[in-house]
Amino acid sequence: MKITALITTAIIALSIFAAAPATAKTTDSMDERIAAVLDERLGGTRTGWNEVTWDGGDVVLTLSAFTDAAAKAVGG
């Protein structure tokens, strides 16, 4: 269950950034990026300046300050 949620979160995070225009820069505020994630996937809680968690912390999304960073999943 945790792996499925982690993979789903990674896919969502990547799709949000893949939809951005090629000219996107790091000027988008982290608040706007976090808001976009929370709008897409309900039930998340912002737990840091660049972090959203779901399922009581079992699923964690950490956004990079750079929009061209790749997502990486770790198993637990």
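Return the residue satisfying two criteria in turn: it lies in the range 18-45 and is within 15 Å of Ala65 (Cβ to Cβ) and of a type in the set (Asp, Glu), and of such residues it is modelled with the lowest pLDDT.
My answer is Asp28.
Within the range 27-67, track down each residue that is touching a residue at least 40 places away in the same chain (Cβ under 8 Å), surrounded by 12 or more Cβ atoms within 10 Å (Cβ to Cβ) and assigned to a loop (DSSP other than H, G, I, E, B).
Those that are touching a residue at least 40 places away in the same chain (Cβ under 8 Å), surrounded by 12 or more Cβ atoms within 10 Å (Cβ to Cβ) and assigned to a loop (DSSP other than H, G, I, E, B): Asp58, Leu63, Thr67.
The values are calculated or read from the model by the stated rules, or taken from the named source; none is laboratory data. Just so it is clear, the model here is predicted, and its values are computed rather than measured. Positions of Cβ are backbone-derived with ideal geometry, glycine not excepted, and every protein chain shown enters the neighbour counts.
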